[in-house]
Each structure stands twice: as C-alpha cells, then as structure tokens.
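Here's the structure we're looking at; comments come further down.
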Amino acid sequence: MNTTVNIAGVTFKNPVMTASGTFGSGMEYSEFVDLNRLGGVVTKGVANVPWPGNPTPRVAETYGGMLNAIGLQNPGIDVFMERDLAFLKDYDTNVIVNVCGKSVEDYLEVVERLADANNVAMLEINVSCPNVKEGAIAFGQKADALFDITSRIKKVAKQPVIMKLSPNVTDITEMAKAAEAAGADCVSLINTITGMKIDINRKTFALANKTGGLSGPAIKPVAVRMVYQVAQAVNIPIIGMGGIATAEDAIEFILAGASAISVGAMNFVNPYATIEIVEGIETYMKAQGVDDINDLIGAVK
Amino acid sequence: MAKQKVIAKVARQEQIAAGIFDMWIETALAQDAKPGQFISVYPKDKSTLLPRPISICEVNEDKTMLRIVYRVAGKGTAEFSAYTAGDDIAILGTLGNGFPLDAAKGKRVFLMGGGIGIPPMLELAKQLKKQYDVESRIVVGYRDNQTFLADDLAKYGSVYIASEDGSVGSKGNVMNAIEENNLSADIIMACGPMPMLRAIKQYAEANNMTAYISLEERMACGVGACLGCVVKTKEVDHHSHVHNARICTDGPVYDAKEVEI
Ligand SMILES: Cc1cc2nc3c(=O)[nH]c(=O)nc-3n(C[C@H](O)[C@H](O)[C@H](O)COP(=O)(O)OP(=O)(O)OC[C@H]3O[C@@H](n4cnc5c(N)ncnc54)[C@H](O)[C@@H]3O)c2cc1C
Ligand SMILES: Cc1cc2nc3c(=O)[nH]c(=O)nc-3n(C[C@H](O)[C@H](O)[C@H](O)COP(=O)(O)O)c2cc1C
Ligand code: FES
C-alpha cells in the first residue's frame, strides 16, 4: 500500500500534517505523538522580529469549534531557528515553516533567513491571518496584492512556496489562480473564518480582539467546498484543512482534491488525532481496496 | 510521567455546597500530581470541544486517585456534575508547574484561597505539613456560610474564614480576615479571583513578602502549543521572547512580582 504523496518535489511519507499555530513547533505535542510518523510538521507563524500578539482572552469556545485571536505571537526568526528548527532536526518528518509579516519586506527577510536552513522542506506563507490589524490579511484578500507578494517571495525563496489562502473572500478560486500565476508551488486552505462571540452575562466580547478566527469541526463543510472549488481552478497541489478530526474527514478533503491535509484545532481536543488519522487512512484504504493514496486525490469530480 | 490524555473512572461524586461538586477520579495520573497543578476535563458533548481546566484538590494516600472540587459554571461543568461512580471521564494531565513547596520551608506561611480557588489549597496544606512540617495559616474567602472544604483544611493548619455576606467569620474577603485576626506570615501562596490576587500582590509588595499566586485564563490546548492562555510578565519570558508567559505550562503559579495582573 502506498501512502506517499509528492508535493512540489517534496516526498511526504503520508498526507497528514499539523496546521500552523495549533502544534507549536512540535515540541509540546512530541510528548503525545511520535513526530516521525507524521508526513509533516507545520510550525507556528514566525516573523522577522518577536511579536507580542493580542491581549487576552485570546480563545473562546463556540458550538463545535472555537475562535482564536492569538495575534501571531512569536519569538522571531532568530530564536525560531536556534531553538525550534534545531529541535526538529532530530525528526524524520518534513518541516514546513509558516511565515508571517506586516509588510512584504518582513516576509522577504524571514524567507531569506530560511534559505540556508537545511531542514526546511517548504515555506507556507500566511497572508490570511484575520487577527492582525496591519498588513497580513490584506495580501490575502486582494488578488493583485497576493500576486505581487507571491512573485516577490518566489524570487528569493530557496524552498518550494505554499500560499495559505483565506476563506474570508468572495471567490477563493480567484486568489488561488493569482497565487498559481505568480509561481506558487502549492496552496493551503483554509485559514480560519472571521467570527465573533458575545458574552451575554458580562455584555462584552468574548475575545479581547472582538473578532477572531473560527476553526474546528464547525467549519469543515466550508473548507471541503473551498478545496473542491480550488482543485477545479488550479493545477498546483492543495493542502486541505479546516475542522479535520478523523481519518474520514481527511479522506473527504483528499477526495475533494487535497494532496495532503492538516489537523488544527482538533489537536487540542485529541492530542493523538494526527496519528489516529495516519492509521485510519490506512484502514480505509485496506477496506476500500485502494493501493495508492494518489488514486484518491481529487477522485470526486 | 509524561502528559497524557486518558479515559479515567469516576470513583465517587457528591455535591458539597450549592453548585459545588466534589469528585474523586481513579487514574494513574495521580502518581506524580503536585499541589497547584491541574488537569483538563473533556466534556463528552461534541458541541463543547475544549477541555476544562480544573485544579487538583487532593491526591489519595496510595496515589491512585485525584480529587477535584468545582463550581458548575456552564455547559461543561454541568455535564461533569451529572457523572456518577463508574462513569468514564476523559482527562488530560498533569498540567502546570504547581506551588514551590520548598520556598515555604521553615517559614510562616499564608495559604489564601477565594471561592473556587480554595480547592488547590488542600493538597498544598497537606504536603506542606507532611514534607516540611509547616502548619499553614489558611485564610479562605466564601460567598456565604457554605464553607466547603474548611473542615478538610483544618487538618493541616489553622483556618480563618471570611464571607462576603458576613454570615461566617470576617465580613468581606481574605484581606479582611487577615486584618481582623491580626495575622502575619513570611510567605503567601494563593489562588482565587483576579481582584483577590491583585490585592495579595499589593499586600505582598507593601510588606516585602514573596507571594506565589495561581492564575486563570481561557485555555485551548493546555499544553503550551496554542499561546491562548498568556499572562503579561515583567521580564521577557524565556520561551516566548516577549512579555508573555503561558499559564498552562509556565504557570499557573507565578511569583506575584513577575506578572502584571
Ligand atoms: C488553571 C485553572 C484551574 C482551575 N481550577 C478550578 C477548580 O479547581 N474549580 C473550579 O470550579 N474551577 C476551576 N477553574 C475554572 C474552570 O476552568 C471553569 O469554571 C470551567 O472551565 C467552566 O467550564 P464550563 O463548560 O462549565 O463553562 P462555559 O462557560 O460553558 O465554558 C466555555 C469555555 O470557557 C472556558 N472557561 C469558562 N470559565 C473559565 C474560567 N474561569 N477559567 C478558564 N476557562 C474558563 C471553558 O473552559 C470553556 O472552554 C480553573 C481554571 C483554570 C485556568
Ligand atoms: C490557536 C490557533 C492558532 C493559529 N495560528 C496560525 C498561524 O500562526 N499561522 C497560520 O497560517 N494559521 C494559523 N491558524 C489557522 C490554522 O492553521 C488552520 O488553518 C485553521 O485553524 C483551520 O483548521 P482547523 O479547523 O483544523 O483548526 C491558527 C489556528 C488556531 C486555532
Ligand atoms: S492553553 Fe494553549 S498555550 Fe496554554
């Protein structure tokens, strides 16, 4: 049975990865799961300098999901390379570094710094975080801005580039096409959907940031729909995510057109979710008589 | 023991005050549970996904069971309150740093608990007595005369009570009880609502004392990965490299001088 997938020349032992921001740099969850068994580890967004993030409360539970407004708190690229990347060196899994910034120059600086890092398989560019006031999201909500930042990053990047798309747009296929036209090697989707929760007892917003990004099982049907639409619109591979909790969820995304999938908020609910999904995909393939996972990618037209 | 998510068994549960439940859970996680640490309890209802952080109130003699005492505050705790002996309960633990017991060695110690911050004071008082022969001055604040856990606490130190409605002990909060009873100590360990912790931080500063306070914040992962549960710190935090520390992992117990609350 083959569970290996290839994305932009990078081989993944299986299509299961972690969604950025939900798994730290793997360190915290390495107490629960053997990182060597994952197709990839996608790290928390990192910027050129440390970011303090938003005030608390930063998270709120909602029906079948959660809102977050972490605000991309991160220690900056220096610490990230010395500590987090160094930690991941000991593991046999593809490391995908998620990059954030407030200006194109911020992104380029991080991408350049990572050029010499020998254990970075791919870069994922977060142009879709709904929780940061300046920059960031604007790149992900206008096709021309996305085209521009993608092509500038592609010029300096030494690793294949994944553009992470926002669902908070009128037509996500326009964004995917812009990323592809600008040379992106892959797109990942979806980032969180902007939402709000009001605490009716305290008569205030549940999050200090007022709005936050919705994730978890509640968003899965939206994510599957967007993965399907993007798969019809572009030829570059897709990493799908949004509410994946089980192998069955993962297979839905793969059938809709994703070459690989990421597990996000459900790590919080079940710290063993990623490994259970790796195993569950094999069980499904056996039961269905599927020899090669690649036969499932985009099989539902 | 590494952190784990396990399906444990409810050994018994009873209601000990209005809206306050007392549950013993059979689990191997009890083995190395320390005072001030917590577990996260997962509701079974799939609409309420996130685990609920609850302090460890007590560990039994054989270290095979954990006790939690909690207030029904919403959907998750309402679900837990209906569990009975033999039911499965999904928990993640053990989490957090716990109180630095050795800091209390040979000192006169205030243990201060307010409302639902009282439970962690029990295992703390017990271990301070057991390990360091410290008889704590235990100052606890309640809403009214439902003084849950006060009898258990009295086994390990002298208990002073305050109640908001004045029905037992000093009227007001823990600070009023200290004043009224003319109490003093060298070091403070405390857990309770934010206004109480702020008052303790001030009191400790004014009296040149060290106060270890246990903080609360909304959590998602409970293991340091999501950065949801931070508190502002005076110095740049060793992990985040900004002025934020993760309460679930670096805390929940902090030297009050080190956090801005
Ligand atoms: C380290 C720590 C230790 C705690 N120890 C105890 C204890 O020993 N006894 C006790 O009664 N309570 C304790 N709490 C508070 C307890 O976590 C909340 O009362 C509980 O999560 C409420 O859940 P719910 O589903 O009933 O409420 P809901 O309002 O339905 O919860 C919705 C969401 O908000 C979160 N939430 C709500 N209130 C709080 C709160 N005060 N702190 C953190 N998250 C909250 C829930 O976890 C959940 O994700 C502790 C909190 C922390 C952070
Ligand atoms: C707490 C939290 C933090 C996140 N941080 C990031 C981030 O730093 N960069 C990023 O591109 N996406 C971030 N995301 C979005 C996730 O990677 C993912 O796209 C989204 O949550 C949908 O997947 P899920 O429903 O499985 O969580 C974050 C999500 C959560 C819940
Ligand atoms: S709850 Fe996720 S870092 Fe503390």
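Of note:
- Partner shielding of B:213-226 amounts to 6, given as the average count of beta-carbon atoms from other chains within 10 Å of each residue beta-carbon.
- Over chain A, the hull volume per residue, using the convex hull of the C-alpha atoms, is 118 Å³.
- Packing rank of B:110-122, B:1-13, A:45-57, where each peptide gets the mean count of other beta carbons within 10 Å, highest leading: B:110-122, A:45-57, B:1-13
- Shielding by partners for peptide A:47-59, expressed as the average number of C-beta atoms from other protein chains within 10 Å of each residue's C-beta, is 5.
- Using a simple spin-label model with pseudo-atoms 7 Å out from Cα toward Cβ, residue A:272 and residue A:174 lie 4.6 nm apart.
- In terms of distances greater than 23 angstrom between alpha carbons, the cross-link table entries B:3/B:34; A:197/B:75; B:34/B:155; B:75/B:155 yield B:75/B:155.
- Value of Rg/Rh across segment A:151-280 [Cα atoms, Kirkwood radius]: 1.03
- Taking amide hydrogens as placed 1.01 Å from N in the peptide plane, the amide H of residue A:124 sits under 5 Å from those of A:97, A:98, A:99, A:162, each at least 5 positions away in sequence or on another chain.
- Residue list for segment A:27-67, given a label point 7 angstrom along the Cα-to-Cβ vector of residue A:92 and an amide N cut-off under 17 Å: A:34-41
- Measuring between alpha carbons in the structure, the pairs from A:164/A:210; B:63/B:130; A:13/A:164; A:154/A:177 lying more than 19 angstrom apart are A:164/A:210; A:13/A:164.
- Result for chain B in a Gaussian network model with C-alpha springs under 10 Å: among B:188, B:56, B:89, the largest mean-square fluctuation is at B:89.
- Here r is the Cβ-Cβ distance between residue B:135 and residue B:44 and R0 is 45 Å; the resulting FRET efficiency, rounded to 0.05, is 0.60.
- In this simple spin-label approximation, residue B:103 and residue B:16 carry label points 7 Å from Cα along the Cα→Cβ vector, and these lie 2.5 nm apart.
- Counting only other chain Cβ atoms within 10 Å of each residue's Cβ, the peptide B:88-96 averages 1.
Values quoted throughout were computed directly from the atomic coordinates according to the rules given, and no laboratory measurement underlies them. Predicted model, so just to flag it, every value in this text is computed and none were measured. Cβ sites come from the backbone with ideal geometry, for glycine too, and all protein chains shown count toward neighbours.
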